[in-house]
1. Give the residues of the range 30-77 that are out of contact with any Phe, Trp or Tyr (no Cβ under 9 Å at 6 or more places or on another chain) and polar (S, T, N, Q), sorted by residue number.
2. Inspect the range 57-72 for any residue being surrounded by fewer than 18 Cβ atoms within 10 Å (Cβ to Cβ), part of a helix (DSSP H, G or I) and modelled with pLDDT of 95 or more and give the result as yes or no.
3. So Val112 ticks every box in (1) modelled with pLDDT of 95 or more; (2) farther than 20 Å from Asp232 by Cα; (3) of a type outside the set (Phe, Trp, Tyr) but one. Which box is left unticked?
4. Check whether at least one residue in the range 12-30 is part of a loop (DSSP other than H, G, I, E, B), more than 30 Å from Gly117 (Cα to Cα), open to solvent by less than 60 Å² (accessible area, probe 1.4 Å) and modelled with pLDDT of 95 or more, and report yes or no.
5. Here are Arg76, Arg2: which of them is open to solvent by 10 Å² or more (accessible area, probe 1.4 Å) and out of contact with any Cys (no Cβ under 9 Å at 6 or more places or on another chain)?
6. Count, please, the residues in the range 149-173 that happen to be free of Cβ contacts under 8 Å to residues at least 24 places away in the same chain and either under 15 Å from Asn123 (Cα atoms) or not small (Gly, Ala, Ser) (or both).
7. In the range 95-145, which residues are touching a Leu at 6+ places or on another chain (Cβ under 6 Å), in a helix (DSSP H, G or I) and either buried (at least 20 other Cβ atoms within 10 Å of the Cβ) or not acidic (Asp, Glu) (or both)?
8. Quick check on the range 84-94. Is at least one of its residues without any contact (Cβ under 8 Å) to a residue 12 or more places away in the chain and either surrounded by fewer than 16 Cβ atoms within 10 Å (Cβ to Cβ) or of a type in the set (A, V, I, L, M, F, W, C) (or both)?
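The values are calculated or read from the model by the stated rules, or taken from the named source; none is laboratory data. Small disclaimer: the values here were computed from a predicted structure and weren't measured. So basically every Cβ, Gly included, is an ideal-geometry build from the backbone, and we count neighbours across all protein chains shown. Just the protein is used for accessible areas: all its heavy atoms, side chains included, with ligands, DNA and RNA removed. Shrake-Rupley method; radii C 1.70, N 1.55, O 1.52, S 1.80 Å.
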Amino acid sequence: MRILSYNIHKGIGGRDRLYRLERVVGVIEHENPDLICLQEVDRHCRRSSNHDQPKLLAEHFRAVAHAYQLNFHVDRGGYGNLVLSRWTFLRQHHISLRLHRRKTRGAQILLVETPEGPLRLVNCHLGLAESERQWQLEHLLGHHLFTESAEHPTLLIGDMNDWRNQLGRAALARHGFEQVTSPPSRFRSFPAYLPMGSLDKAFARDVQIVQARIVRSAPARVASDHLPLVIDFHLQRDALSNGSR
């Protein structure tokens with residue numbers, strides 16, 4: 001199974017600043033993922049031709065299931081997180097990760113019915129300050145909508161904005177998560193034209209990682225200000241056995 005995580009920057013190129021959603025689509029198509037986790041997806045904003053990007057992307061990729069979380073309001077709409085899936089959702093929740101008066105952030109919690117069994121998938125976009133990110137993870141991991149599906153294999157993925165690579169050492173480690181995107185030097189994803197920071201990360205529990213990589217193709221370097229993260233994985237057999245008891 002394959003998952004792709006991508007901050008698409010509203011479909012606006014990182015260097016030329018042109019809105020070209022088709023470039024993002026081409027980058028995703030080339031990787032042929034089963035699950036697509038996107039951040040900064042616009043809906044009804046002037047800068048992106050007032051397009052309903054969640055609808056356009058869901059239709060283009062013929063998603064069996066999709067979920068959109070509008071986090072930040074702009075014009076008549078705004079932008080947020082989007083998950084597209086080749087498989088159905090057994091559950092879906094959206095929770096706020098906003099800390100006090102900071103910029104609105106959010107996480108999507110989905111229980112996906114994969115061919116290998118249920119997968120708990122979390123798509124998130126964390127804040128810019130380290131203390132904010134730590135609070136957001138503590139809030140997420142302790143949230144009742146997250147813990148209600150704790151018995152299932154889990155992938156937590158997205159734009160973590162974690163320049164100093166601190167997230168995997170605190171709350172996530174205590175909850176049994178291992179960082180997939182390690183060492184950070186192999187997963188530099190921002191800025192796309194000259195990657196210096198490993199901002200797009202994934203953490204897994206009871207998931208077997210086959211391969212994880214950053215897409216560094218020429219089209220990916222111009223489509224957004226981030227490069228996509230792609231992971232091939234399986235659900236661990238012992239976790240499936242435990243979950244069926």
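1. Within the range 30-77, Asn32, Asn50, Gln69 qualify.
2. yes
3. With (1) modelled with pLDDT of 95 or more; (2) farther than 20 Å from Asp232 by Cα; (3) of a type outside the set (Phe, Trp, Tyr) applied to Val112, the lone miss is (2).
4. Yes, some residue in the range 12-30 is part of a loop (DSSP other than H, G, I, E, B), more than 30 Å from Gly117 (Cα to Cα), open to solvent by less than 60 Å² (accessible area, probe 1.4 Å) and modelled with pLDDT of 95 or more.
5. Arg2
6. Result for the range 149-173: 1.
7. Result: Arg133, Trp135, Gln136.
8. Taking every residue of the range 84-94 in turn, none turns out to be without any contact (Cβ under 8 Å) to a residue 12 or more places away in the chain and either surrounded by fewer than 16 Cβ atoms within 10 Å (Cβ to Cβ) or of a type in the set (A, V, I, L, M, F, W, C) (or both).
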